[in-house]
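The values are calculated or read from the model by the stated rules, or taken from the named source; none is laboratory data. This structure is a prediction, so every number in the text was calculated from the model and none was measured. We place every Cβ from the backbone using ideal geometry, glycine too, and count neighbours over all the protein chains shown. These area figures cover heavy atoms from the full protein model, side chains too; ligands, DNA and RNA do not enter into them. Shrake-Rupley method; radii C 1.70, N 1.55, O 1.52, S 1.80 Å.
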Amino acid sequence: MKTSEFVQKIVKDFLIIFASIIIMITILRQMYYPNMAFDLNSIYIIMVFSFLSALIGFILYSPNDISEKKMRIRMAIHFFTLEILLITLGSIFGIVNSALDGIILALQIAGIYLLVRLLSWQKDKKEAQKINEKLKAFKKDAFE
């Protein structure tokens, strides 16, 4: 993956993470705290968390192709690093005040992580299909 593609992926991941958090918080607030509004400070904190989450993607970056096993190991390291970083930041910002708060935040992080991975997987699957179609067309043209 080229550096420019990696930067584009970080920006895309940031936007997906930020939107997912905003949507999740909006739904949960409508269910449990319908009169609570977003304040500007909360938006900035969500932006910082989203940006750091996307930036940690450098763990997954490799300029060369790597095996599927190595990528899965990197994904596990990435996930646990993300969990630790965000729960620690949550504690610093006063978002996580108890073990239950930490568990809830960890589950929210896992949900958003799965969503981002699923969207990335679908995009990669579409790209692989396009490449396979081009290869089939090339093979067909080569043998005719």
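Quick notes on this structure:
- The residue that is farthest from residue 92 (Cα to Cα), among those in the stretch 45-78 that are open to solvent by less than 30 Å² (accessible area, probe 1.4 Å) and of a type in the set (Ser, Thr, Tyr), is 62.
- Residue match in the stretch 83-93 (condition: closer than 16 Å to residue 47 by Cα and of a type in the set (Phe, Trp, Tyr)): yes
- Taking first residues from the stretch 98-116 that are within 21 Å of residue 60 (Cα to Cα) and partners that are charged (D, E, K, R) and surrounded by 13 or more Cβ atoms within 10 Å (Cβ to Cβ), the Cβ contacts under 7 Å between residues at least 6 apart in sequence or on separate chains come to 106/83; 109/83; 116/13.
- For the stretch 1-12, a residue qualifies if it is modelled with pLDDT under 85 and open to solvent by less than 50 Å² (accessible area, probe 1.4 Å), and exactly one does: 6.
- Matching residues in the stretch 79-92 - criterion: being open to solvent by 70 Å² or more (accessible area, probe 1.4 Å) and within 16 Å of the chain's Cα centre (by Cα): 80, 84
- Pairs are defined by a Cβ separation below 9 Å, a sequence spacing of at least 6 or placement on different chains, a first member in the stretch 1-20 that is over 17 Å from residue 122 (Cβ atoms), and a second member that is open to solvent by 80 Å² or more (accessible area, probe 1.4 Å) and in a helix (DSSP H, G or I); the pairs so defined are 6/58; 10/51; 10/58; 14/51; 18/51.
- Top-ranked residue of the stretch 94-126 - restricted to ones that are of a type in the set (Lys, Arg) and open to solvent by 90 Å² or more (accessible area, probe 1.4 Å), ranked as farthest from the chain's Cα centre (by Cα): 126
Residue-wise test of (1) free of Cβ contacts under 8 Å to residues at least 12 places away in the same chain; (2) not hydrophobic (A, V, I, L, M, F, W, C).
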residue: 34; (1), (2): yes, yes
residue: 39; (1), (2): yes, yes
residue: 57; (1), (2): no, yes
residue: 72; (1), (2): yes, yes
residue: 75; (1), (2): no, no
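- Selection count, the stretch 127-144, where residues are among the polar types (S, T, N, Q) and open to solvent by 90 Å² or more (accessible area, probe 1.4 Å): 1
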